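Everything below concerns the one structure shown next.
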Amino acid sequence: MNYQKLDAALATALNDVQNSEERSLTVFIHTEPILNSDATAVLESFGVSGVNSGKDIFTATLSPNAISQLSEQSWVKYLKRSQQLGLVNRRINTPKLGV
C-alpha cells in the first residue's frame, strides 16, 4: 500500500475495517487525465462505472485490498475518502431584534 497517495481520513478508516475483501469504503479516485485501456480495465474490474478518458476523478465503494492495489498504480494520483453526508432538517433560531 502506498500511504502517500491516501488522505488521512482514508488511512484511518482502513485501520478500522475488519474484512479486507468487503467493499465498505467510498472513495474518490484521482487519476491522470488520460487513461490507457489497461488503466480503464483496472478501474472497471473494481466496479468503477463511467470510466472514460475525459475524466480524472471517479467515485467507487471499494475494499481495502482494492484501495491497496489502486494506490500502487502509477496513474493514480491519490485516493480520498468520501464523507457520508446527512440531511440537515432543522431551523436555525436567530434572535429577534427589539426596538
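Descriptive notes on the structure:
- Hey, residue 8 at pLDDT 90 or above, out of contact with any strand residue (DSSP E or B) (no Cβ under 8 Å at 6 or more places or on another chain) and small (Gly, Ala, Ser) or not: yes
- Annotation: of all residues in segment 30-53 being closer than 14 Å to residue 66 by Cα and of a type outside the set (Asp, Glu), the one that is surrounded by the most Cβ atoms within 10 Å (Cβ to Cβ) is 43.
- Only a single criterion out of (1) touching a strand residue (DSSP E or B) at 6+ places or on another chain (Cβ under 9 Å); (2) more than 18 Å from residue 73 (Cα to Cα) is not satisfied by residue 54, namely (1).
- Candidates 73, 83 - the one that is within 18 Å of residue 17 (Cβ to Cβ), polar (S, T, N, Q) and either open to solvent by 90 Å² or more (accessible area, probe 1.4 Å) or at pLDDT 90 or above (or both): 83
- Scanning segment 13-29 for residues being under 16 Å from residue 48 (Cα atoms), touching a helix residue (DSSP H, G or I) at 6+ places or on another chain (Cβ under 9 Å) and surrounded by 15 or more Cβ atoms within 10 Å (Cβ to Cβ) gives a total of 5.
- In segment 59-82 there is at least one residue that is within 19 Å of residue 8 (Cβ to Cβ), assigned to a loop (DSSP other than H, G, I, E, B) and hydroxyl-bearing (Ser, Thr, Tyr).
- Checklist (1) within 16 Å of residue 6 (Cβ to Cβ); (2) at pLDDT below 90; (3) open to solvent by 70 Å² or more (accessible area, probe 1.4 Å); (4) not small (Gly, Ala, Ser) applied to residue 93, failing item: (1)
The values are calculated or read from the model by the stated rules, or taken from the named source; none is laboratory data. Here the structure is a predicted model, which is why all the values come from computation and not from measurement. Cβ atoms come from the backbone with ideal geometry, glycine included; neighbour counts cover every protein chain shown. Areas reflect the complete protein model, heavy atoms only, side chains present, ligands, DNA and RNA absent. Shrake-Rupley method; radii C 1.70, N 1.55, O 1.52, S 1.80 Å.
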